[in-house]
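Read the figures in this text as sums done on the coordinates, not as results from a lab. All values derive from a computational prediction rather than experimental measurement. Virtual Cβ from ideal backbone geometry, glycine too; neighbours counted across all protein chains shown.
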Amino acid sequence: MDLKTEIRKKTPWHLWIISIFFIFIYAYGVYDYFMMLGHNVDYYNARGYGENVVKYFTNYPIPFLILYTTNVLTGLLAPILLLFKKKIAASIALVSAVSDTLLLILTFLFRNRLNVLGISIAIFDIGIAIITFGLYFYCNKMKERDILH
């Protein structure tokens with residue numbers, strides 16, 4: 001065993017909690033992604049969405065689709081990498097947070113997101129972007145403590 005391995009600290013309990021929390025959040029995000037873009041009528045109805053939401057996700061523009069896809073995939077990948085204590089988890093979390101933030105800004109400006117999806121979803125989505133930045137900062141803190149390798 002080398003000195004660096006001996007110095008490396010044990011995995012803190014909160015790393016498990018944070019990772020599992022974000023895996024849950026983003027696993028649901030992946031599910032939502034496929035239901036919304038797959039135009040699952042039962043899903044739309046169960047959530048109380050009307051025709052405007054169906055139209056919103058019909059022929060979703062490619063740049064927004066790229067940002068949406070990047071967000072949900074990296075959002076799920078980052079906490080998995082965190083569980084494996086990989087330093088790259090921080091960079092992946094940042095990609096997720098930035099892609100989500102750009103998607104929100106652009107869809108609020110150019111897709112009338114607020115009027116179509118409503119204020120409660122807007123607040124929820126902004127909250128997800130904020131906590132994803134929190135995941136990024138958390139991963140960086142774990143890197144500084146030499147928990148991640």
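Some notes on this structure:
- Of the chymotrypsin sites (Phe, Trp or Tyr not before Pro) in region 34-137, those whose Cβ has at most 14 other Cβ within 10 Å and which sit in DSSP loop: 84
- Residue separation of residue 41 and residue 109 scaled by 0.36 nm, minus their Cα-Cα distance, works out to 21.8 nm of gained length.
- For region 99-149, the set of trypsin sites (Lys or Arg not before Pro) satisfying both a DSSP loop assignment and a count of at most 13 other C-beta atoms within 10 Å is given as 145.
- Once C-alpha pairs closer than 8 Å and six or more residues apart are averaged by separation and normalised to the residue number of region 3-144, the relative contact order reads 25 percent.
- Here is the list for region 1-83: trypsin sites (Lys or Arg not before Pro) lying in DSSP coil, each with at most 10 other C-beta atoms within 10 angstrom of its C-beta, are 9, 10.
- Relative contact order of region 31-103, pairs being alpha-carbon contacts under 8 Å that are 6 or more residues apart, as %: 28 percent
- Amide N proximity, region 53-86 versus residue 11 label position 7 Å along Cα-to-Cβ, cut-off under 16 Å: 77-86
- Sorted into 5 angstrom bins from 0, the C-alpha pair distances of the chain split as 2, 9, 18, 20, 17, 12, 9, 6, 4, 2, 1, 1, 0 percent.
- Reach of residue 87 by Cα under 23 Å, taken over lysines that are not fewer than 8 positions away in the same chain: 4, 9, 10, 141, 143
- Mean-position separation - Cα centroids, region 43-81 and region 129-146, in angstrom: 24 Å
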